[in-house]
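The next block holds one structure in the form of structure tokens; read it before the comments.
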Amino acid sequence: MTKSIIKAAVFIVVFVLSIFIISAVMNRGTTDMTVKMADASYPVVSMHYEDKDINLMHGYSNKEIKPETLRDTLTPLNQDRSANIVINTYGQKIAGLSYEIRSADAKRLVEDTEVTDYLQKNDIITAKLSIKNLIKDDTEYILAVVLKDPEGHEIRYFTRIIHSDDLHGRELLQFVTDFSKKTFDKTQAKSLTTYLESDSTGDNSSFAHVDIHSSFDQITWGNLGFTAPEKINTKILEMDDTTASISLSYTLNRNDNGTARFYDVTEYYRVRYTDRRIYLLNFERSTKQVFDPDASGIFAADKIMLGITDPNVNMVENEDGKVVAFVQNGALYAFRNTDFRAVRIFSFFKKGDDDERNRFNDHGIRILRVDEVGNVHFIVYGYMNRGRHEGEVGVSVYYYNSALNQIEEEVYIPYGRSYAYLKCEIEKLSYSSGGNELYLFLDSKILEVHLDTQNAETVAGNINYDELVVSKSSRMAGWQSENGSSVKLCDFNTGEIREITKGENTEVRPLGFIGEDLVYGIADPSDTVNSSIGVILKPMHTICIESSSGELLKNYQRDGIYITDVNINEDEIVLNRIQMAHGSGTFASIAADQIVNNMENDADRNSVMVAATEDYENIVEIALAGRINKNSVHVLTPEEVLYEGGRELAIEETEDQQEIYLVYAKGEIIGIYDMVYEAVNIADEQSGVVLDMDQHYIWQKGNRAVTKELKGINPGSSEGGKSSLSVCLDAVLKNEGVVVDASTLLNSGMDVMEVINTEIEGAKALNLGGCSLSSVLYYVSIGRPVFAEVETGQVVLIVGYDAKNTVIMDPSTGTIYKKGMNDSREWFENHGNEFVSYIK
């Protein structure tokens, strides 16, 4: 019996020692195969303007990047056309410094100059760029500051520049700096009440979002007791002779019962300069608490406390709800409730990190899926702050292995445009149901990326951005065929593409999704409405809702009623309607109708909640499906798996890009549109600008003269058989120095937009149908008349305006006269706001 006990004891000891040795060997192997993300190594560059360091720039290593898309900031030049730069090298050696200036579309190199005269003190280099007299006043250009390291690698830093004697940069920058500083002192802040528009539309329940309509107490941080930050990152986003858009960003901290809480804050100002005073047109402030899983008070009984932040949290859970992954402050976290494990899966910044290179938040994270044991598939897209892709813009596809606590990059896709472009495309479509297939929308194509072989194939190409509709889960997508006669519907779970057709001479148009069910419209080409100035309306006679399996769930059709467009919400579809006889070409607007969605959405086990507190007001928390033993929570930070060879996947760029219009507001792209009138309407609503793919300004909010009258437009009469359109067109062509008979061109089958594009050198005609009168007066302000249809076949020109009137050239009377602004607005609205103008 004693021998048996001894044998058993020896066996147990040997077994335990074997486990220990095997574990040590395995762990040593794992350590050898993983590595922490490399620290940031690139310098940063700022512009020194009016005694301030502004427009902090981060370096790009990819020479193929399209600089015309990197329009984050605008730097006014000094009076002598010079620009002052400040370089923080962070200890890196600089072997060469130069700069390039290009046209706004980057197609023309204006100057390429090496800089040898600069001053270096410790890590800081200052230099003056004496720009040659090769640039035009009041014209934007691209400045690229080029640094070269000792190995000959070039790093590029971009900002737009402009030289103008009419800007008021010093005064406007000082105004926003003083405004921001005063919000931290309630006594000094009393002077700010002149600029605020506090009213019932302001949300005073949360510090996460504050605006010009918020209360004085909300603007001044309530009872939080913040002190003004010492370091502020100032950016000029847009500036002209009267208005400017400026952003300030900084980090605040507060002691919360012995725990330091940090908050990232961004302020946006839109201001107007006049000789008498400065007006605050808009003010918005967003605040996001920096999530720190190591800090006390983050994990409660059944909650994860996110604090003051946006309640629209990017969160995904696994099937049983025991693992939840979420994004905060550009970092990805996961929490597993079975063993109370919190993981900081991916982050460019580290705990307590104040390195401005790591805190630069020009990237996004998309959680693709979370499996039953806590493995997470995710995408990091945008500017890569550090690591193996430092200084590049691209898409990294990662896999987090929960058992090994490691992340591994499966594929990397370089991207040649800005993060702002990439964000629009990735948020449009990025989906993986499992396995090795990933679907992305990039460069007007739907791509199927094979993660195991690092290659891709095109599922569908040449797709207009705003004509691709995708379900909320991204599982389903629909797009119109090239001839418009059908809709292609793809289920990315199966890869199956199904075509929806409705017979000959019929157009089928995808409109959106309710859950995974497609909403589409059916139109008859013979119902197309053509105005005399070329504005086209293609109403739909039927709206259908069809399931992913092909079952028709709803068919909306009313005699003599047509739908012009729809707005799809989670619980209803709003139908904008007109009344029209089939094929008549004339219509009248009628009240909108609704289709109510009675489907119940599947509820998540974990949910984002908003809770009211005394000092912090509304805070955001994740309510978990199970309870937490907060004393047992342990926080992990994975390392990254090393691999041999490359996993880079280059996607061939589409050469013939379709015409699109970009809406920029508050420093980012807020929309991409195929139709200019849609872009102008959104830009007007959001106080932004519209640009085309070549970065030409199509429309600008606020950059409009107080009064304007085009003196070169002479009145003409439609007597003698000439149409009012040909009279207006003759006047415009003559004003542009074009001698041609408009009637002949129109009778040959050309419309007014085709005539403008072919006969006026450098002109681009714009279909502005549906825009407001206020919006189209921008074109009069820059010297372009506006065609307007006021009766069927009757056209006038808007050739001027003041505060109370428009100036109309009317062929029916052969005169130019003033018409009251309100009367003009009603006149044009009653006839559908049918406008056409152009830029050059």
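The values are calculated or read from the model by the stated rules, or taken from the named source; none is laboratory data. Everything quoted here is computed from the prediction, not taken from an experiment. Cβ coordinates were reconstructed from backbone atoms using ideal geometry, including for glycine residues, and neighbour counts include every protein chain displayed. Heads up: the accessible areas ignore ligands, DNA and RNA and are worked out on the full protein's heavy atoms, side chains in. Shrake-Rupley method; radii C 1.70, N 1.55, O 1.52, S 1.80 Å.
A few comments on the model shown:
- Under a model in which nothing but the beta-carbon of Lys, Arg (+1) and Asp, Glu (-1) is charged, the range 236-345 shows a dipole of about 280 debye around its Cα centre.
- J(HN,Hα) series, the range 701-708, from Karplus relation 6.51 cos²θ - 1.76 cosθ + 1.60, nearest Hz, glycine and proline x: 6, x, 8, 9, 5, 5, 9, 7
- When each of K63/K148; K303/K666; K288/K423; K701/K804 is checked by Cα-Cα distance, pairs over 22 Å: K303/K666
- Measuring between alpha carbons in the structure, the pairs from K36/K472; K819/K840; K128/K235; K708/K734 lying more than 24 angstrom apart are K36/K472; K819/K840.
- Relative to one another, the C-alpha centroids of the range 657-713 and the range 765-840 are positioned 18 Å apart.
- The loop-placed trypsin sites (Lys or Arg not before Pro) in the range 219-278, going by DSSP, that have at most 15 neighbouring Cβ atoms within 10 Å of their Cβ come out as K231, R276, R277.
- Size of electric dipole in the chain: Cβ of Lys, Arg +1 and of Asp, Glu -1, about Cα centre, debye, nearest 20: 2280
- The P(r) of the range 366-448 has a tail past 15 Å containing 57 percent of all C-alpha pairs.
- Rolling a 1.4 Å probe over the heavy atoms of the protein chains gives the range 776-818 an accessible area of 31 Å² per residue.
- Relative contact order of the chain, taken over Cα pairs closer than 8 Å and 6 or more residues apart, is 9 percent.
- Zero-based 5 Å bins, Cα pair distances in the range 740-830, whole percents: 3, 12, 22, 26, 19, 12, 6, 1, 0
- The alpha-carbon of K350 sits under 17 angstrom from the alpha-carbons of these aspartates and glutamates, leaving out residues fewer than 8 places away in its chain: D39, D264, D292, D294, D362, E390, E639, E640.
- Calculated log₁₀ intensity ratio I(q)/I(0) where the Debye formula runs over C-alpha points of the range 194-243, q = 0.17, 0.24, 0.28, 0.32 Å⁻¹: -0.72, -0.97, -1.01, -1.11
- Cβ-defined net charge surrounding R344, 14 Å radius [Lys, Arg +1; Asp, Glu -1]: 0
- Take each peptide in 153-160, 195-202, count the other Cβ atoms within 10 Å of every residue, and average; sorted highest first, the result is 153-160, 195-202.
- Once the gyration tensor of the Cα atoms in the chain is diagonalised, the equivalent ellipsoid follows with semi-axes of 51, 35, 27 Å, ordered largest first.
- Accessible area in square angstrom per residue, the range 142-300, 1.4 angstrom probe: 43
- Note on the range 328-400: along the principal axes its Cα atoms extend 37, 27, 18 Å, ordered by decreasing extent.
- Charge tally for K708 (other residues, Cβ to Cβ under 14 Å; Lys, Arg +1; Asp, Glu -1): +3.
- For I212, the residues whose amide H sits under 5 Å from its own are F283, ignoring neighbours fewer than 5 places away on the same chain, with H placed 1.01 Å from N.
- Around the Cα centre of the range 704-773, unit charges on the Cβ atoms of Lys, Arg, Asp and Glu (plus for the first two, minus for the last two) sum to a dipole of about 320 debye.
- Karplus (6.51, -1.76, 1.60) ³J(HN,Hα), θ = phi - 60°, over the range 440-457, in Hz, Gly and Pro reported as x: 9, 9, 9, 6, 6, 10, 8, 10, 9, 9, 9, 6, 7, 10, 6, 9, 9, 9
- Within the accessible area of the chain, the carbon and sulfur atoms contribute 46%, probe 1.4 Å, all protein chains present.
- Among L511, Y562, N223 the positive-end extreme of the charge dipole of the chain (Cβ point charges): N223
- Accessible area of the range 499-615 divided out per residue, in Å², using a probe of 1.4 angstrom: 54
- Translational diffusion coefficient of the range 31-124 (Stokes-Einstein, Kirkwood radius from Cα pairs, 25 °C, 0.890 mPa s): 155 µm²/s.
- Relative contact order [Cα under 8 Å, 6+ residues apart], the range 459-507, whole percent: 24
- Protection proxy ranking, peptides 59-71, 567-579, 748-760, average beta carbon neighbours within 10 Å, highest first: 59-71, 748-760, 567-579
- With a cut-off of 9 Å between beta carbons, the residues surrounding A95 carry a summed charge of 0, where Lys and Arg count +1 and Asp and Glu -1.
- Per DSSP, loop trypsin sites (Lys or Arg not before Pro) in the range 748-839 with at most 14 further Cβ within 10 Å: K804
- log10 of Debye I(q)/I(0), alpha-carbon scatterers only, for the range 431-480 at 0.30 Å⁻¹: -1.21
- Residues whose amide H falls under 5 Å from that of N597, counting only those 5 or more places apart or on a different chain, are E572, I573, with hydrogens built in the peptide plane.
- Convex hull per residue volume in Å³, alpha carbons only, for the range 92-181: 148
- Rg/Rh, computed from the Cα trace of the range 254-356 with Rh as the Kirkwood radius, has the value 1.12.
- Mean separation of Cα contacts under 8 Å (6+ apart) over length of the range 400-474, as relative contact order %: 20
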